[in-house]
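Taking it in order: structure first as structure tokens, then the write-up.
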Amino acid sequence: MTASQTRDDVLRQATEITVRYFASTRDAAGVTSDTLPWVDGETVAALRLRLTGARPRLGRLLPACRFAQGDDFAQDSDRVLPGAELAVLPPVSGGAGAGVAPQRAQVVERPIDVGEAARLLNTQGSGAIATFTGVVRDHTGDREVRYLDYEAHVPLAEKELERIVAEAMATHGLVDARVLHRVGHLQLGEVAVDIAASGAHRAETFAGCRHIIEELKKTVPIWKKETDTEGSTWVTPTP
């Protein structure tokens, strides 16, 4: 490769953007990503409209989707940068915020042990520990579940989890809190999420632990595909 070819490649990449699709948006688009021309001055809102035209099947999903640019959530008013990588994030499966480097929150592809989050806690000065462990159940309503698959935008998911943990600690006066969430293929009975909180008294410790799981299900970009005896479906939030 010559120096001029390298320069041409850099210039070409700077005038293109990459759009990555996750979960149900990937199914609707029929591809994992698109490489599109960069449009000077285009906002995320305008890109949303451009994608609706380019991928019509995405049209019904895009109004409810959030976008990320790099490893941060993007607002509709944000300009799309040349050479940027954007992610299209459908509504999360529980029903996304920059933060610090993950310390109390982890998204992992390995099995999680029951009580693992509690073993990571700082309990100095604590009088109570509350935990929540979510496992894959064998049914949803009257349908028999076979297995689940979880997918995440990991950097954003960990940032949002960190934000939620910090919020819970500040709101409820916790000593510490930890959360682990698994992604990938999970069989029945396997741990999907493990949460632990420590505090001076039981009331605020219970409340802090509940705060984390309730907010996690609302805002963290982790999606769940459920496979039952009739097929597979991405789980969407209930209004």
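Condition test on Val191, is it under 20 Å from the mean Cα position of the chain (by Cα), closer than 19 Å to Gln106 by Cβ and crowded, with 19+ Cβ neighbours inside 10 Å?
yes
Determine which single condition Leu58 fails, assuming it passes every other condition in (1) among the hydrophobic types (A, V, I, L, M, F, W, C); (2) closer than 25 Å to Asp228 by Cα; (3) modelled with pLDDT of 95 or more.
(3)
Mind checking which strands (runs of 3 or more DSSP E) fall wholly inside region 63-165 and carry at least 3 residues that are more than 17 Å from Ala192 (Cα to Cα)?
Fully inside region 63-165 and qualifying: 66-69, 72-74, 85-89, 128-135.
For Thr171, are the conditions met, namely being buried (at least 24 other Cβ atoms within 10 Å of the Cβ), in contact with a helix residue (DSSP H, G or I) (Cβ under 8 Å, 6 or more places away or on another chain) and hydroxyl-bearing (Ser, Thr, Tyr)?
Criteria not met by Thr171.
The values are calculated or read from the model by the stated rules, or taken from the named source; none is laboratory data. Keep in mind that this is a model prediction, so the values were computed, not measured. Here Cβ is always computed from backbone atoms with ideal geometry, including for glycine, and neighbour counts include all displayed protein chains.
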